[in-house]
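Below is one structure; the comments refer to it alone.
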Amino acid sequence: MTAPHDPAGLRAWWLTPPRPGRQRWIAPWEYRHLRPWAAVRITSGVVSTGLGIYVTKETWPGPWTIFGGYLIAAGAANVAFGCWELTIASSAVPAVS
């Protein structure tokens with residue numbers, strides 16, 4: 001098993017590319033292509049929220065209303081996370097070649 005301070009271990013892989021603070025919550029493969037992943041998150045969040053609104057509207061009052069609320073909450077969280085990723089992508093310093 002690799003030690004936590006091993007530069008060849010999982011910790012080193014997770015910290016590449018280097019990024020500060022909360023940006024470490026974003027997976028490295030997602031961070032490398034931030035704008036497309038943010039677009040995917042926002043699109044899926046809008047679809048999920050719309051589906052949740054439809055389910056809630058059609059099943060009011062009923063047992064599926066809770067599932068619709070879950071879809072709305074998950075979609076809103078996805079949209080918020082995607083917007084946060086777009087903010088990070090727009091504030092990034094462009095690479096000099």
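Here is how the numbers come out for the structure above:
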| item | result |
| --- | --- |
| Qualifying residue in segment 62-76 (condition: farther than 18 Å from ILE26 by Cβ, assigned to a loop (DSSP other than H, G, I, E, B) and either under 14 Å from the mean Cα position of the chain (by Cα) or modelled with pLDDT under 95 (or both)) | yes |
| The listed residue being touching a residue at least 12 places away in the same chain (Cβ under 8 Å) and loosely packed, with under 14 Cβ neighbours inside 10 Å, out of PRO17, PRO36 | PRO17 |
| Condition broken by ALA89, with the remaining ones in (1) at pLDDT 95 or above; (2) closer than 22 Å to GLN23 by Cβ; (3) of a type in the set (A, V, I, L, M, F, W, C) satisfied | (1) |
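The values are calculated or read from the model by the stated rules, or taken from the named source; none is laboratory data. Keep in mind that what you see is a predicted model, and the values were worked out from it rather than measured. Here Cβ is always computed from backbone atoms with ideal geometry, including for glycine, and neighbour counts include all displayed protein chains.
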